[in-house]
Amino acid sequence: MTKTGVTHLIIHSFALAHALACLLLHDTGFGDTFVLTCLTIAMVVVLIRYFDGPVEVIVGLLLLASFAGFFLGTNGARWIQKMLPALPGIWSYVLTTTLVTEFLGWSIFFVVRRKKK
């Protein structure tokens, strides 16, 4: 499998895992925040290690991805609920977490795909 194919597999698999975690845990007493954050961290680490990124890049992008994921996820769900009021609430959260995970994954990819020379 090509490097691009593996990258697609990594990002789409984590997006699916995020969607399932959100669907199954969002309305529980435990919530989905902890699991989604762990999945985001795992995706960032896997992508950076796959492209042999240095540890400094991992730390910086982990912080950025965690904060961006939380901000985009919470505000994105509110925005989708306003845009699609007929959509049941849980599905706006599932859609948002999937889109945000894809966005973060591809953003990380574009940052780490080229090595310093």
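The values are calculated or read from the model by the stated rules, or taken from the named source; none is laboratory data. Treat the numbers as computed from the prediction; the structure is a model and nothing was measured. Here the Cβ is made from the backbone with ideal geometry for all residues, glycine too, and neighbour counts use every protein chain on show. All accessible areas refer to the heavy atoms of the entire protein, side chains included, with ligands and DNA or RNA removed. Shrake-Rupley method; radii C 1.70, N 1.55, O 1.52, S 1.80 Å.
Structure values in brief
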read-out	value
Within the chain, helix-based [θ] at 222 nm, where runs of 4 or more DSSP H residues each add -39,500 (n - 2.57), nearest 500	-28500 deg cm²/dmol
Kirkwood-based Rg to Rh ratio, the range 1-62, C-alpha trace	1.06
Accessible surface, per residue, of the range 1-69 when the full set of protein chains is kept, probe 1.4 Å, Å²	56
Residue-normalised accessible area of the range 70-113, expressed per residue, 1.4 Å probe, Å²	61
Point-to-point label distance, His8-Tyr50, nm (Cα→Cβ direction, 7 Å offset)	1.2
Candidates Thr101, Thr74, Thr28: whichever shows maximal mean-square fluctuation once the chain is modelled as a Gaussian network with Cα springs under 10 Å	Thr28
Label-point separation, Leu63 to Cys38 (7 Å along Cα→Cβ), nm	2.4
Size of charge dipole - the chain - debye, nearest 20, with Cβ of Lys, Arg +1 and Asp, Glu -1, no other charges	560
Approximate spin-label separation Arg114-Asn75, in nm, with each point projected 7 Å along Cα-to-Cβ	2.8
Dipole of the chain [Lys/Arg +1, Asp/Glu -1 at C-beta], most positive-end residue of Leu39, Val94, Ile11	Ile11
Apportionment of accessible area to carbon and sulfur, the chain, percent (1.4 Å)	73
In the range 1-56, the chymotrypsin sites (Phe, Trp or Tyr not before Pro) that fall in loop regions by DSSP, at most 11 other Cβ within 10 Å	Phe30
C-alpha long axis of helix 89-112 to longest principal axis of the chain, angle in °	10
